[in-house]
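*Asks:* Okay, here's the structure, questions in a sec.
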C-alpha cells in the first residue's frame, strides 16, 4: 500500500500582506536593516540597488520596506539567478538560506523550509505574481509545471516562518513569492538557447514593447527538453521531459495613481515515466490587477485570476482543476503612527480527480470554496526605534471551521545599521481534500482500509521567532534568525483496540528549533560572496489513545549550507555555488556537497555566452528517496538582447 | 533526536500565550505624533551622491573643474538640507564636494552634476545644451530623461525608479558603468518629443 506521505498543506487563502504592487518594489535585498532618513551616514552607505528598493511613502521616518522588516526573509535577485545559471525555479530556490530543495525524480521535487519536507511537502505557500501555485488536492506544488522565462524574474522572496498576516499566506513554515519583472523593464527582444548533457536543448524568445504612451507589454515563448536524473546505479531510465510555455504581460498606467496589469501563460509538458505511459500536464492562467494610490501613501488593490490545468500521470492519477480567485486589499495610513492594511479574498476551486491503485478520493469531483479576511496594523511605538505589527487572518473553507491566525511582530532599530526583531504567530494548516475524502482500499475489493475523515482537524503551530540584521561595514552585512516552532494536532495514522481499521487522526505533535544565518560580503569591486547556513532540530511525539502507525512526517537535514561567489574580470564573469545538505534520517539519504560553476563572456550588453556545469562533484547523487539521483550536467547557453 | 527540555519560563509562556498576546495588543493604542520627513527627496539626494561613483567625466572637464566637485541645483531646493548634510566631509572622485544653488544659465557649465527640480522645468533646451557642451550630468524628475535629460529619478508607486538617456549622456562625453545601466530603465532618444 502506497500512502502519500507528507504534508497536505492547504493554505487556500494567500495573503500577500501588502499586496503585489506594494511588494513589487519595496522588499529589501537580504540583510537590509531599517534606516533613518535623517541620518545621512546611513543614506550614504546604501548602494544603488538598495536605493531603488526603498519605500518612500511609509508612515514613520524610517526607510523600511513596506512589506515589513520583522521576518526571516531572503531575497533571490534577478542577478543571483543569472549569475548562478539557474535554469528553473527549483534551482533558483537552492540559493536561498534555509530552503531544502530535494529532487526525488525526473519531475519531482520536495521543497520546504524549517523542516517537514517530504514527497508531497507543503507547509510552504508558493505564489507567482500573486497567483497561488498549489493544488488543494494535497496542498502541494507541482514544480514540474511552474516555469517562466528565468530572465523575466525580478526576484524570489523566501520568507521562513509563518506567513500568516505579515506576508499573507496561511503558510505554516514559509512563503515563496516569485515576482516577475514589470513589462517596462523587459523591453526589446531577448533570445537565448543552448544545450548540453542533462539540459539537452532549450530555447526562448521574448519581445517587449510599448502599446501607447503608458502601456508596456511583453510576450514570450520557451521550450526545452531535459534528462538529468538517473537510477542509483547510474544508468539512464530515459525519463526525458519536454516542455513548452508561452505567455504575456501588459502593464499600464492610466495615471500615476492608477496602475494595472494583465498577464497570462499557457504551458504544455510531457515526460516519460519508466514502465508507464507518458505523463502530461497542460495549463492556462490569466490574472489581472488594478491599484489606486491616493492621499499620502494610501492605496487599494484589486486582483482576480483564473488558473486551470490538466495533469495526467498514467499509473498514478489524473487531475483536472479550475480555480477562480478574487482579492481586495486596502492600505490606510492613519495619523502619523498607524499603517493599516486589511483585505478580503474568495477562491473557488473545482476538480475532477481519478486515482489508480489503492489510494483514491471520494467523491471524485468536488468544488471547494475558501473565504478569508485579514487586518493588520503597523504601529510606531517609539519614534524611529520601535514599531509593532499586529494582525490576524480569519479563514473559512469548505473543509474546515473558521480559523484565526494572529501574529505580533516587533522591530527594534537599536542603532544605525542594526535591527532586532521578534515575532509570535499562530498558524494553522487546514485539512486538504485528500485528508477529508481519502479512500485507501485493498485492491479489487470495496473494503476501505483507511478512510479520510471530515473530523480531521487543522494542524496548529505556535511559532516564536527572533532575528538580528546588521550592516557590519559598507561591505559586509549579516542576517540571523532563530526560531522555535511548537506544532500540535499533526496528522497521524492511528490504530487502537476499539477501531477495526486505522484512521487519520490529529494526535501528532512536534517541536522544531534552529537558526538561519546569511552573510554577504562585497570583497572588492569585482568579487562578491553570499553565504547562507541553516540548522534544524526536531522532536516528534504522539499523544494517545492508541498507537501510531508509521512515522512522523518529514525527512529533514540538520544542516544546509549554500555559498555563492561571483567574480568579474574584464568581459568575463565566473561564478561558483557550493551547496551542502546534511543527512536525511529516514528514509536515509546521505549528505552531499555539490558544486555549480558558470563561466560567461559578455563582450557587450547585447551578447552573452556562458558555459554552465551543475552538480559537478559527484557523477550522480541522491537527494530524496532512493529511486532516482541527480546527475552531473554541463551545457552552454547563448543570449542576445537587442 | 534529543528530547527538548522546556525551561520553566517557557512553560509559563505557553500557558499564558493568549494573555501576553492580548497585553501586546493593548499597548497598541497609545497615541502619539511623528514628524514626517520628505523621504522622497532624501532618497533622491542619496541617488545624486551615489550616481557619481558610476559615471566618468571627460578628461578635459575634470582638469578644468579643478579641486572641487560641484553639485548644482536648478530650481527651488527640495532637499531641505539633506543634500548638504550628505556630502559634508565627503569626496567624489577624490575631490571635496560642494552644493550650489544656481540662478544663471552660465553657472551650469561649472557643475559636474546638475539636479533640475520639478516636473516641467523652464528653459530645458538651453540647460541641456550647456550641459552637453561642458560635460555636466543632468539629473531630474518624472519624464526628465525622456526630454533631453540624462538621468531621471521617477517616482513610481511607492518607490523611486532610475531612467537613463544614454544618448544624451554620451553627447556630453560621459561614460556610465554597466552596473548602473543594468539597474536603470534605458530611455531611447526616439521617445523625446
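*Asks:* Here are some residues: A:121, A:135, A:139. Which one is in contact with a helix residue (DSSP H, G or I) (Cβ under 9 Å, 6 or more places away or on another chain), surrounded by 24 or more Cβ atoms within 10 Å (Cβ to Cβ), within 29 Å of residue A:204 (Cβ to Cβ) and at pLDDT below 90?
*Replies:* A:135
*Asks:* Moving on. Can you name the condition, by its number, that residue A:508 falls short on among (1) at pLDDT 90 or above; (2) surrounded by 17 or more Cβ atoms within 10 Å (Cβ to Cβ)?
*Replies:* In the conditions (1) at pLDDT 90 or above; (2) surrounded by 17 or more Cβ atoms within 10 Å (Cβ to Cβ), residue A:508 misses (1) alone.
*Asks:* Follow-up question, since we're still on this one. For the range A:560-567, does any single residue satisfy the condition of being closer than 20 Å to residue A:100 by Cα, modelled with pLDDT of 90 or more and touching a helix residue (DSSP H, G or I) at 6+ places or on another chain (Cβ under 7 Å)?
*Replies:* Within the range A:560-567, one or more residues are closer than 20 Å to residue A:100 by Cα, modelled with pLDDT of 90 or more and touching a helix residue (DSSP H, G or I) at 6+ places or on another chain (Cβ under 7 Å).
*Asks:* Right, here's the next one. Hey, any hits in the range A:541-563 for a residue that's within 14 Å of another protein chain (Cβ to nearest Cβ), in a strand (DSSP E or B) and more than 20 Å from residue A:582 (Cα to Cα)?
*Replies:* Looking for residues that are within 14 Å of another protein chain (Cβ to nearest Cβ), in a strand (DSSP E or B) and more than 20 Å from residue A:582 (Cα to Cα), one finds at least one in the range A:541-563, hence yes.
*Asks:* Since residue B:151 meets every condition but one in (1) surrounded by 17 or more Cβ atoms within 10 Å (Cβ to Cβ); (2) within 14 Å of chain A (Cβ to nearest Cβ); (3) farther than 25 Å from residue B:68 by Cβ, which condition does it not meet?
*Replies:* The one condition residue B:151 does not meet is (3).
*Asks:* Related question: Return the total of residues in the range A:571-582 being part of a loop (DSSP other than H, G, I, E, B) and under 23 Å from the mean Cα position of the chain (by Cα).
*Replies:* Within the range A:571-582, residues that are part of a loop (DSSP other than H, G, I, E, B) and under 23 Å from the mean Cα position of the chain (by Cα) number 1.
*Asks:* If you go through the range B:137-153 one residue at a time, how many are touching a helix residue (DSSP H, G or I) at 6+ places or on another chain (Cβ under 6 Å) and either in a loop (DSSP other than H, G, I, E, B) or modelled with pLDDT under 90 (or both)?
*Replies:* 3
*Asks:* Answer yes or no as to whether residue A:274 is over 28 Å from the mean Cα position of the chain (by Cα), more than 14 Å from chain B (Cβ to nearest Cβ) and farther than 30 Å from residue A:338 by Cα.
*Replies:* Spelling it out, residue A:274 is indeed over 28 Å from the mean Cα position of the chain (by Cα), more than 14 Å from chain B (Cβ to nearest Cβ) and farther than 30 Å from residue A:338 by Cα.
*Asks:* Based on this model, can you work out whether residue A:590 counts as surrounded by 14 or more Cβ atoms within 10 Å (Cβ to Cβ) and either out of contact with any helix residue (DSSP H, G or I) (no Cβ under 9 Å at 6 or more places or on another chain) or closer than 30 Å to residue B:177 by Cα (or both)?
*Replies:* Numbers: surrounded by 14 or more Cβ atoms within 10 Å (Cβ to Cβ): no; either out of contact with any helix residue (DSSP H, G or I) (no Cβ under 9 Å at 6 or more places or on another chain) or closer than 30 Å to residue B:177 by Cα (or both): yes.
For residue A:590, the condition - surrounded by 14 or more Cβ atoms within 10 Å (Cβ to Cβ) and either out of contact with any helix residue (DSSP H, G or I) (no Cβ under 9 Å at 6 or more places or on another chain) or closer than 30 Å to residue B:177 by Cα (or both) - is not met.
*Asks:* OK, next. With the condition being within 22 Å of residue A:137 (Cβ to Cβ) and at pLDDT 80 or above, I'd like the strands (runs of 3 or more DSSP E) fully within the range A:385-489 carrying at least 1 qualifying residues.
*Replies:* Where strands (runs of 3 or more DSSP E) fall fully within the range A:385-489 and carry at least 1 residues being within 22 Å of residue A:137 (Cβ to Cβ) and at pLDDT 80 or above, they are A:386-397, A:403-415, A:418-429, A:459-471.
*Asks:* So, in the range B:114-127, of the ones that are in a helix (DSSP H, G or I) and in contact with a helix residue (DSSP H, G or I) (Cβ under 7 Å, 6 or more places away or on another chain), which residue ends up farthest from residue B:176 (Cα to Cα)?
*Replies:* Filtering the range B:114-127 for residues that are in a helix (DSSP H, G or I) and in contact with a helix residue (DSSP H, G or I) (Cβ under 7 Å, 6 or more places away or on another chain), the one farthest from residue B:176 (Cα to Cα) comes out as B:126.
*Asks:* If residue A:376 satisfies all but one of (1) under 21 Å from residue A:329 (Cβ atoms); (2) out of contact with any helix residue (DSSP H, G or I) (no Cβ under 6 Å at 6 or more places or on another chain), what's the number of the condition it fails?
*Replies:* All conditions pass for residue A:376, except number (2).
*Asks:* Yes or no: the range A:308-317 includes at least one residue that is in contact with a strand residue (DSSP E or B) (Cβ under 7 Å, 6 or more places away or on another chain), within 14 Å of another protein chain (Cβ to nearest Cβ) and either farther than 23 Å from residue A:260 by Cβ or surrounded by 15 or more Cβ atoms within 10 Å (Cβ to Cβ) (or both).
*Replies:* no
*Asks:* Another question, if that's okay. I'd like to verify a number: residues in the range B:80-96 that are within 14 Å of chain A (Cβ to nearest Cβ) and within 20 Å of residue B:176 (Cα to Cα), how many?
*Replies:* 2
*Asks:* Continuing with this model, one more query. From the set of residues in the range B:170-185 that are touching a strand residue (DSSP E or B) at 6+ places or on another chain (Cβ under 6 Å) and under 23 Å from residue B:125 (Cα atoms), which is farthest from the other protein chains (Cβ to nearest Cβ)?
*Replies:* Among them, the one singled out is B:174.
*Asks:* Report, by residue number, each residue of the range A:344-387 that is under 26 Å from the mean Cα position of the chain (by Cα) and within 11 Å of chain B (Cβ to nearest Cβ).
*Replies:* Residues satisfying the conditions are A:377, A:378.
*Asks:* Same structure again: Hey, among the residues in the range A:96-106 that are out of contact with any helix residue (DSSP H, G or I) (no Cβ under 7 Å at 6 or more places or on another chain) and assigned to a strand (DSSP E or B), which one's nearest to residue A:72 (Cα to Cα)?
*Replies:* Initial filter on the range A:96-106 (out of contact with any helix residue (DSSP H, G or I) (no Cβ under 7 Å at 6 or more places or on another chain)): A:96-98, A:100, A:102-106.
With the extra rule that they be assigned to a strand (DSSP E or B), the set shrinks to A:100, A:102-105.
Numbers: A:100: 15, A:102: 21, A:103: 25, A:104: 27, A:105: 30 Å.
Out of the qualifying residues, it is A:100.
The values are calculated or read from the model by the stated rules, or taken from the named source; none is laboratory data. Computed from a predicted model, the values in this text were never measured in an experiment. Neighbour counts run over all protein chains shown; Cβ positions are idealised from the backbone, glycine included.
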